[in-house]
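Scroll down for the structure; my scribbles are underneath it.
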Amino acid sequence: MSTNRGEQKLAVQEYLLSGQPMTRLEGLILFGLASITKEISKMRAEGWTIKSRPVPYPAVLRRINKYAVLQPPSELPINDIVMTEYWVST
């Protein structure tokens, strides 16, 4: 189990270092992370500079749909939903 956790952490770090932002939803769908905020907190404790900002849900859907198909329910007001994205600041 610890090997998988180490690989997960490395994959998240590599993704963020490549300049890609990540939300909780992307962390769950793309990396199987139960809590991206826990991983972000650990990275900050290790000395990483992690920034955050609000991002509209449709933008997150477009990013996810480059790798996987995610279709929210048609009655979900996606334009009203805002998520927090995180990225590594250099």
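The values are calculated or read from the model by the stated rules, or taken from the named source; none is laboratory data. Please read these numbers as outputs of a predicted model, since none were measured by experiment. Neighbour counts run over all protein chains shown; Cβ positions are idealised from the backbone, glycine included.
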Problem set entry | Search result, residues across the stretch 29-82 that are charged (D, E, K, R) and modelled with pLDDT of 90 or more | 44, 46, 51, 53, 62, 63, 66, 75, 80
For this session: For the stretch 32-60, enumerate the residues that are part of a helix (DSSP H, G or I) and under 16 Å from residue 84 (Cβ atoms).
Result: 36, 37, 38, 39, 40, 41, 43, 44, 57, 58, 59, 60
For this session: Output the number of the condition that residue 9 fails; it satisfies all remaining conditions of (1) closer than 20 Å to residue 89 by Cβ; (2) without any contact (Cβ under 8 Å) to a residue 24 or more places away in the chain; (3) surrounded by 10 or more Cβ atoms within 10 Å (Cβ to Cβ).
Result: (2)
Exercise. Pairs under 7 Å by beta carbon, first residue touching a residue at least 24 places away in the same chain (Cβ under 8 Å) and assigned to a loop (DSSP other than H, G, I, E, B) in the stretch 69-90, partner surrounded by 12 or more Cβ atoms within 10 Å (Cβ to Cβ) and not aliphatic (A, V, I, L, M), six or more apart or different chains?
Worked result: 81/57
